[in-house]
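Visitor: Provided herewith is a single structure, encoded as structure tokens, for subsequent inquiry.
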Amino acid sequence: MTSVRPLLNVLLAALLGGAVSGCAATVIGAGATAGVAAAEERGLEGAIDDTKIRVAINHLWFERDIEMYRQVTLNISEARVMLTGVVTTAQARADAAQLSWKATGVREVLNELQVRADGASGMDQANDIWIQQKLKARLLTDSDIKNINYTTDVVDSVVYLLGIAQNNAEIERVIAHARDINGVKRVISHVRLKTDPKRNGG
């Protein structure tokens with residue numbers, strides 16, 4: 001089995017140098033530099049731990065099936081793993097989640113993968129990108145939202161949110177921004193409050 005350590009070292013160096021943005025994931029806000037990571041609620045150590053998990057899961061997926069690695073979007077916040085994208089079978093959906101659990105440090109796997117026999121070929125991916133960029137712009141310009149704590153993805157006009165909210169009012173603003181974008185079918189939030197005891201394993 002190919003060692004994951006060289007790849008891990010490269011990605012950790014990229015994280016600290018501000019080059020990592022996440023495989024197919026969009027981090028709302030500035031790039032993941034050490035300074036920005038330290039300003040996030042998860043902190044620099046949490047960002048590094050999440051990067052280690054990302055590398056491990058991508059390695060497991062790549063070894064199992066290159067299509068899994070290519071089709072599934074991986075978003076991580078404080079060891080909570082959210083899977084989005086489209087796969088062609090229910091078995092592929094289950095396998096992606098099962099492999100994610102094998103990565104050291106994973107606390108939760110949120111499996112939001114959609115199953116379509118034709119894969120993503122029947123979807124308007126350009127529209128998904130437009131929605132995502134529109135939402136990114138809105139969060140960046142809303143001074144009442146600490147946007148660096150949020151990660152988002154859009155699949156078939158469904159918006160998925162992951163991250164940490166300062167309070168209920170903030171997450172309500174984030175969800176409202178998403179729902180207000182033309183074409184959005186629904187919004188699925190896996191955002192935790194900053195004060196949630198589960199963040200510390202409670």
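The values are calculated or read from the model by the stated rules, or taken from the named source; none is laboratory data. Only a predicted model underlies this, so the values are computations on that prediction, with no experimental measurement involved. Every residue, glycine among them, receives a Cβ derived from its backbone with ideal geometry; neighbour counts consider all protein chains shown.
Visitor: Would you mind stating whether residue 93 is basic (Lys, Arg), assigned to a helix (DSSP H, G or I) and within 25 Å of residue 185 (Cα to Cα)? First the steps, then the outcome.
Guide: On the way: basic (Lys, Arg): yes; assigned to a helix (DSSP H, G or I): yes; within 25 Å of residue 185 (Cα to Cα): yes.
The answer is yes for residue 93.
Visitor: Sticking with this one: Could you tell me how many of the residues in region 79-110 are out of contact with any Ser or Thr (no Cβ under 7 Å at 6 or more places or on another chain), hydrophobic (A, V, I, L, M, F, W, C) and closer than 20 Å to residue 45 by Cα?
Guide: Residues of region 79-110 that are out of contact with any Ser or Thr (no Cβ under 7 Å at 6 or more places or on another chain), as a first pass: 79-80, 82, 86-105, 107-108, 110.
Still in the running and hydrophobic (A, V, I, L, M, F, W, C): 79, 82, 86-87, 90, 92, 94, 96-97, 99, 101, 103, 110.
Still in the running and closer than 20 Å to residue 45 by Cα: 79, 82, 103.
Within region 79-110, residues that are out of contact with any Ser or Thr (no Cβ under 7 Å at 6 or more places or on another chain), hydrophobic (A, V, I, L, M, F, W, C) and closer than 20 Å to residue 45 by Cα number 3.
Visitor: When residues of region 151-180 are filtered for being under 12 Å from residue 194 (Cα atoms) and within 18 Å of the chain's Cα centre (by Cα), how many remain?
Guide: 4
Visitor: Determine which member of the set 148, 171, 131 is closer than 23 Å to residue 48 by Cβ and either among the polar types (S, T, N, Q) or not assigned by TED's automatic domain parsing to the domain that holds residue 62 (or both). Quick ask: steps written out before the conclusion?
Guide: Working: 171 fails: closer than 23 Å to residue 48 by Cβ; 131 fails: closer than 23 Å to residue 48 by Cβ.
Being closer than 23 Å to residue 48 by Cβ and either among the polar types (S, T, N, Q) or not assigned by TED's automatic domain parsing to the domain that holds residue 62 (or both) holds for just one of 148, 171, 131, which is 148.
Visitor: Residues being surrounded by fewer than 20 Cβ atoms within 10 Å (Cβ to Cβ) and farther than 14 Å from residue 174 by Cα: count how many of those fall in region 135-161.
Guide: Matching residues across region 135-161 total 3.
Visitor: Before we move on, is residue 73 touching a residue at least 40 places away in the same chain (Cβ under 8 Å), surrounded by fewer than 15 Cβ atoms within 10 Å (Cβ to Cβ) and either in the same structural domain as residue 44 (by TED's automatic domain parsing) or not in a loop (DSSP other than H, G, I, E, B) (or both)? Give the steps one after another, and end with the answer.
Guide: On the way: touching a residue at least 40 places away in the same chain (Cβ under 8 Å): yes; surrounded by fewer than 15 Cβ atoms within 10 Å (Cβ to Cβ): no; either in the same structural domain as residue 44 (by TED's automatic domain parsing) or not in a loop (DSSP other than H, G, I, E, B) (or both): yes.
Judged against the criteria, residue 73 is not a match.
Visitor: Out of the residues in region 120-134 meeting the condition of being aliphatic (A, V, I, L, M) and exposed (fewer than 15 other Cβ atoms within 10 Å of the Cβ), tell me which one is nearest to residue 154 (Cα to Cα).
Guide: From region 120-134, those aliphatic (A, V, I, L, M) are 120, 123, 126, 129, 131; that's our starting set.
Restricting the remaining residues to those that are exposed (fewer than 15 other Cβ atoms within 10 Å of the Cβ) gives 126, 129.
Working: 126: 11, 129: 7 Å.
By that ranking, first place goes to 129.
Visitor: A further question on this structure: Give me the pairs: first residue in region 80-95 and within 24 Å of residue 192 (Cα to Cα), second residue of a type in the set (Ser, Thr, Tyr) and surrounded by 18 or more Cβ atoms within 10 Å (Cβ to Cβ), beta-carbon distance under 7 Å, and six or more apart or on different chains, which are they?
Guide: Every condition considered, the pairs that remain are 81/100; 82/160; 83/100; 84/73; 84/160; 85/73.
Visitor: Does residue 165 satisfy the criteria of being more than 27 Å from residue 71 (Cβ to Cβ), of a type in the set (A, V, I, L, M, F, W, C) and in contact with a strand residue (DSSP E or B) (Cβ under 9 Å, 6 or more places away or on another chain)? Please lay out each step first, then the result.
Guide: Numbers: more than 27 Å from residue 71 (Cβ to Cβ): yes; of a type in the set (A, V, I, L, M, F, W, C): yes; in contact with a strand residue (DSSP E or B) (Cβ under 9 Å, 6 or more places away or on another chain): yes.
The answer is yes for residue 165.
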